[in-house]
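The values are calculated or read from the model by the stated rules, or taken from the named source; none is laboratory data. Because the structure is a prediction, the values reported are computed rather than measured. Glycine gets a Cβ as well: all are built from the backbone with ideal geometry, and neighbour counts include every protein chain shown. Quick note on the areas: whole protein, heavy atoms, side chains included, nothing else; ligands and nucleic acids left out. Shrake-Rupley method; radii C 1.70, N 1.55, O 1.52, S 1.80 Å.
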Amino acid sequence: APVIQNHEDPASAETAPLLEVPLGTRIFHSIVVHHEAEFPIQLEERFVLASAAPDYGKIDFTRMTPNEYLTRTAPLERVEHRVCAVMPDERMHRMLGLADGEPVLRMTRRTWSRSRLVSHAWLTHPGSRFELSAAFSIDD
């Protein structure tokens, strides 16, 4: 997966609300394009609370996905997903190799660990190469 960026940024007016933190809080900002075979299937843009995953900025995401790393470092307590269809901006169009006029499905995924919000990700998928399915069991 090509890693476009993975660096530390102090939380700004735009990014602080995503993780519900004060301005200036240490956060990481990564952008990774995931492929299946030769096709780009997901543009992942993620913001991570540095205090919950202090080595995040040093991880080689060509060897392990951000999700795999975070699951090991900050065990999941709660996950929230929202999915919506949107028209892509130029960056999404280019990175995902979209056809003209092709919409994308954008999942917003927020995860909590140890009672705090640790990750906010936008997972953007080409509309023609994405299907959302879910299965769950109900315990008595």
Worksheet item: Out of segment 76-99, which residues are closer than 17 Å to Gln42 by Cα and either touching a Phe, Trp or Tyr at 6+ places or on another chain (Cβ under 6 Å) or open to solvent by 80 Å² or more (accessible area, probe 1.4 Å) (or both)?
Response: His81, Arg82, Met87, Glu90, Arg94
Worksheet item: Restricted to segment 36-50, and to residues that are surrounded by 13 or more Cβ atoms within 10 Å (Cβ to Cβ) and not hydrophobic (A, V, I, L, M, F, W, C), which residue is nearest to Glu80 (Cα to Cα)?
Response: Arg46
Worksheet item: Has segment 20-27 got at least one residue that is in contact with a Leu (Cβ under 7 Å, 6 or more places away or on another chain), in a strand (DSSP E or B) and charged (D, E, K, R)?
Response: no
Worksheet entry | Search result, residues across segment 1-18 that are out of contact with any Lys or Arg (no Cβ under 7 Å at 6 or more places or on another chain), part of a strand (DSSP E or B) and more than 23 Å from Ile41 (Cβ to Cβ) | His7, Asp9
Discussion item. Can you list residue pairs whose Cβ atoms sit under 7 Å apart, with the first residue in segment 56-74 being surrounded by 12 or more Cβ atoms within 10 Å (Cβ to Cβ) and the second being among the aliphatic types (A, V, I, L, M) and modelled with pLDDT under 90? Count only pairs 6 or more apart in sequence or on different chains.
Written reply: Phe61/Ala1
Discussion item. Quick check on segment 72-79. Is at least one of its residues within 17 Å of Val48 (Cβ to Cβ), modelled with pLDDT under 95 and part of a helix (DSSP H, G or I)?
Written reply: yes
Practice prompt. Evaluate segment 43-53: report whether one residue or more is touching a helix residue (DSSP H, G or I) at 6+ places or on another chain (Cβ under 6 Å), within 26 Å of Ser128 (Cβ to Cβ) and modelled with pLDDT of 90 or more.
Written response: yes
Item to complete: Go through the residues of segment 1-17 one by one and say whether even a single one is within 30 Å of His93 (Cβ to Cβ), open to solvent by less than 20 Å² (accessible area, probe 1.4 Å) and of a type outside the set (Gly, Ala, Ser).
Response: no
